[in-house]
Number of protein chains: 2
Amino acid sequence: MSKAYNVMAATCPSRTVLHRIGARWTVFVVNALAAGPMRFTELKAHIRGITSKALTETLRAMEYDGLILRTDYGGNPPHVEYALTPLGHSLLGPLRAVREWAETHVPDIESARAARSTTGS
Amino acid sequence: MSKAYNVMAATCPSRTVLHRIGARWTVFVVNALAAGPMRFTELKAHIRGITSKALTETLRAMEYDGLILRTDYGGNPPHVEYALTPLGHSLLGPLRAVREWAETHVPDIESARAARSTTGS
DNA sequence: CGAGACGGTATAGATTGGATACCGGTATCT
DNA sequence: AGATACCGGTATCCAATCTATACCGTCTCG
């Protein structure tokens, strides 16, 4: 049995892992970094709608979990680069599956929502 | 290019879709319902740690998006069943990929966290 | 009569996330 | 020389969200 973890267990660490993945911005950061390392402002520009704070916290959390690597080239003007670790890279596959599902099924979901809005109640 | 949607666009509907998927409990509900329809309390017992309110809201949202189907058999005692729609079912594949990634890489992440805690600061 | 199952709701408290503004240090524009 | 902008963030405040706890009506069982 290689499956030592059961997601439903509530005491299980995979809960926290799943929570991190679903953390609203993680997906986008992984996605953005897929093409190669990026700097902070670059990342911020790429992921439209994210604030500095959100980005900072997401990056910190991901670094803490070993998903990305932060490299500070110091000096001045500040130069910091973020890159995916092998672990972060391995997340790309599963995440891409979800993203593609989302992109594919947007019409279905929108029509479901529309149906509820017009027909419902 | 069949990719009419770009996740990074911020104005893009796939954002909301992705947000729904990452909504903390959605994954678990889909997972639980994979085996077949379930009743409210059954679901609540299966997903350890979820509260009635969280479950209710998750189910409502998922129903609104056409991911699940709520069937009220009325009468008494109350009898309500939740089942995956075909759309919800199609989500199972991508989600399972993520879940398996999570289960597989828990040790990696935990060791990364441990390394940060002992070595860091 | 009293208790429990069922499918939730109501209320309040804790936690998280977002928006906006600002920071220090340098380089550049005027 | 002064004003401004770039870079990688913080600080602060406020709003939305999540959680915990208790409770509801109806019915059946004992």
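The values are calculated or read from the model by the stated rules, or taken from the named source; none is laboratory data. Predicted model only: the values in this text are computed from it and were never measured. Ideal geometry is used to build each Cβ from the backbone, glycine not excepted, and the neighbour counts take in all protein chains shown.
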Exercise. Quickly run through the range A:49-93 and pick out the residues that are within 14 Å of another protein chain (Cβ to nearest Cβ), within 11 Å of DNA strand C (Cβ to nearest atom) and free of Cβ contacts under 8 Å to residues at least 24 places away in the same chain.
Key: A:Gly49, A:Thr51, A:Arg60
Quiz prompt | Which listed residue, of B:Tyr82, B:Tyr64, is of a type in the set (Phe, Trp, Tyr), farther than 19 Å from A:Leu91 by Cβ and at pLDDT 95 or above | solution = B:Tyr82
Quiz item: Which one is nearest to DNA strand D (Cβ to nearest atom), of the residues in the range A:57-83 that are among the acidic types (Asp, Glu) and under 23 Å from A:Arg99 (Cβ atoms)?
Solution: A:Glu57
Quiz item: Of the residues B:Thr58, B:Thr71, which is outside any helix (DSSP H, G or I) and at pLDDT 85 or above?
Solution: B:Thr71
Quiz item: Mind checking which residues of the range B:24-33 are in a loop (DSSP other than H, G, I, E, B) and within 7 Å of another protein chain (Cβ to nearest Cβ)?
Solution: B:Arg24
Quiz item: Mind checking which residues of the range B:22-56 are on the phi > 0 side of the Ramachandran plot and either charged (D, E, K, R) or within 10 Å of DNA strand D (Cβ to nearest atom) (or both)?
Solution: B:Arg24, B:Gly49
Practice problem: Mind listing whichever residues of the range B:39-48 are under 22 Å from A:Ser14 (Cβ atoms), near DNA strand C (Cβ under 9 Å from one of its atoms) and surrounded by 16 or more Cβ atoms within 10 Å (Cβ to Cβ)? | Solution: B:Leu43, B:Lys44
Self-check item: B:Gly36 assigned to a loop (DSSP other than H, G, I, E, B), more than 13 Å from DNA strand C (Cβ to nearest atom), modelled with pLDDT under 90 and out of contact with any Cys (no Cβ under 9 Å at 6 or more places or on another chain)
Solution: no
Quiz item: Quick check: anything in the range A:108-120 within 12 Å of the chain's Cα centre (by Cα) and at negative phi?
Solution: no
Quiz item: Any residue in the range B:101-117 that is farther than 26 Å from A:Val30 by Cα and either touching a residue at least 60 places away in the same chain (Cβ under 8 Å) or away from DNA strand C (no atom under 16 Å from the Cβ) (or both)?
Solution: no
Quiz item: Restricted to the range B:34-48, and to residues that are more than 7 Å from chain A (Cβ to nearest Cβ), of a type in the set (A, V, I, L, M, F, W, C) and in contact with a helix residue (DSSP H, G or I) (Cβ under 8 Å, 6 or more places away or on another chain), which residue is farthest from B:Tyr82 (Cα to Cα)?
Solution: B:Ala34
Practice problem: Inspect all residues belonging to the range B:78-101 and state whether any of them is surrounded by fewer than 17 Cβ atoms within 10 Å (Cβ to Cβ) and assigned to a loop (DSSP other than H, G, I, E, B). | Solution: yes
Self-check item: All positions within the range A:85-99 that are hydrophobic (A, V, I, L, M, F, W, C) and under 25 Å from B:Ser90 (Cα atoms)
Solution: A:Leu91, A:Leu92, A:Leu95, A:Ala97, A:Val98
Quiz item: Can we say A:Ala112 is part of a helix (DSSP H, G or I) and in contact with an Asp or Glu (Cβ under 8 Å, 6 or more places away or on another chain)?
Solution: yes
